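Notes to accompany the following structure.
The values are calculated or read from the model by the stated rules, or taken from the named source; none is laboratory data. None of the values given here were measured: they were computed from a predicted structure. Glycine also receives a Cβ, built like all others from the backbone with ideal geometry; neighbour counts cover every protein chain displayed.
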Amino acid sequence: MDSNVIAELKNVSRVYKMGETPVYALNKVTLSIGKGEYIAVMGPSGSGKSTLLNTLGGVDFPTEGEVYLSNTRVDTLPEKDLLNIRRQKLAYIFQEARLLSSLTAIENVMLPTAFRPASNGTSKDKSHALKMLDKVGLGKRASHLPHQLSGGEAQRVSIARALMNDPALILADEPTGNLDSKTGEEIMSLFGALNSEGLTIVMVTHDPQKASHAKRVLRLHDGEVVEDTSNHKFEICEV
Ligand SMILES: Nc1ncnc2c1ncn2[C@@H]1O[C@H](COP(=O)(O)OP(=O)(O)O)[C@@H](O)[C@H]1O
Ligand SMILES: [Mg+2]
């Protein structure tokens, strides 16, 4: 595989058997995600957006086809190897920030290091976590508990947490779905800034305004990719 390719789906289908009728959550999806891309995944409810993201994230598995992260085929990996790859390469951002309520902002950001036994909670981790909080504009909120943060701030903490292990790929499922439109736009500006620093992002959204921040738009319908375009509006802005 080309070293600039971070993730690839080859002819991937995900079929659920509902009685006699098969439901194709994904239907023969072939897709390649390059380093530095910013992709919006759009489509109506039930069109397979979350299944696509979960398949890329190694938490859902195809009924047919192949999934690659960097140069490794992941859909057939033993669970332990897959977990390692997920921890090293991927970070998820959800609609809800999913912070642990008894931990401060910085402790939440440090959580991913808990899976690296050798370096758990070192001062190096702490200063890196603070740097990530600074990056999302929340350096001054490091000791706040989740209930002392606004919705947008909590989501930014979850983004700092996602950045903690320097992932190759960020998978975001409706990351602004719970936020008012102004706060949502702030999160989109942050995604834009992170992407211009080279971070690769795949973001599910059904909001065209949010999708307009991405460089490429994938549109799903009944599990099929019905459109895969570079974002012309974005390109015009760039010129
Ligand atoms: N566990 C499941 N069992 C049966 N059908 C499922 C399951 N998960 C998802 N589906 C079906 O797969 C399709 C795609 O789901 P999903 O990826 O969640 O769509 P989206 O995120 O675009 O709303 C839907 O028709 C949904 O009903
Ligand atoms: Mg979904």
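Taken over the stretch 20-47, the criterion of being within 12 Å of Val202 (Cα to Cα) and among the β-branched types (Val, Ile, Thr) is satisfied by Ile33, Ile39, Val41.
Considered as a group, the residues in the stretch 155-204 that are charged (D, E, K, R) and either more than 16 Å from ligand 1 (Cβ to nearest atom) or modelled with pLDDT under 95 (or both) include one that is farthest from Leu103 (Cα to Cα), and that residue is Glu197. Taking the stated definitions as given, is Val74 among the aliphatic types (A, V, I, L, M) and either within 16 Å of the chain's Cα centre (by Cα) or within 20 Å of Met203 (Cβ to Cβ) (or both)? No: the conditions fail for Val74.
Among the residues making up the stretch 62-82, a single one is hydrophobic (A, V, I, L, M, F, W, C), under 21 Å from Asn27 (Cβ atoms) and in contact with a Lys or Arg (Cβ under 8 Å, 6 or more places away or on another chain): Val67.
Quick check on the stretch 36-43. Is at least one of its residues within 15 Å of ligand 2 (Cβ to nearest atom) and either farther than 27 Å from Ser196 by Cα or at pLDDT below 95 (or both)? No; the residues of the stretch 36-43 include none that is within 15 Å of ligand 2 (Cβ to nearest atom) and either farther than 27 Å from Ser196 by Cα or at pLDDT below 95 (or both).
Every test in (1) modelled with pLDDT of 95 or more; (2) over 18 Å from Thr229 (Cβ atoms); (3) within 8 Å of ligand 1 (Cβ to nearest atom) is passed by Ser47 save one, and that test is (2). Condition check for Val59 on (1) out of contact with any Pro (no Cβ under 9 Å at 6 or more places or on another chain); (2) more than 16 Å from ligand 2 (Cβ to nearest atom); (3) not aromatic (Phe, Trp, Tyr): one failure, at (2). Is there a residue being in contact with a Ser or Thr (Cβ under 9 Å, 6 or more places away or on another chain), under 23 Å from Val204 (Cβ atoms) and charged (D, E, K, R) anywhere in the stretch 116-130? No, the conditions are met nowhere in the stretch 116-130.
Taking the conditions exactly as written (under 30 Å from Gln148 (Cβ atoms) and away from ligand 2 (no atom under 16 Å from the Cβ)), does Arg98 satisfy them or not? No: the conditions fail for Arg98.
Would you point out the residue of the stretch 1-19, among those that are among the hydrophobic types (A, V, I, L, M, F, W, C) and crowded, with 22+ Cβ neighbours inside 10 Å, that is farthest from Met203 (Cα to Cα)? Among them, the one singled out is Val12. Per the listing Leu194, Leu199, the residue uniquely within 13 Å of the chain's Cα centre (by Cα), more than 16 Å from Phe94 (Cα to Cα) and surrounded by fewer than 20 Cβ atoms within 10 Å (Cβ to Cβ) is Leu194.
Of the helices (runs of 4 or more DSSP H) lying entirely inside the stretch 57-163, those containing at least 1 residues that are free of Cβ contacts under 8 Å to residues at least 12 places away in the same chain and surrounded by fewer than 13 Cβ atoms within 10 Å (Cβ to Cβ) are 79-89, 123-135.
In the stretch 173-192, of all residues being among the polar types (S, T, N, Q) and over 12 Å from Gln155 (Cα atoms), the one that is nearest to ligand 2 (Cβ to nearest atom) corresponds to Ser181. Within the stretch 14-27, none of the residues are more than 11 Å from ligand 1 (Cβ to nearest atom) and in contact with a strand residue (DSSP E or B) (Cβ under 7 Å, 6 or more places away or on another chain).
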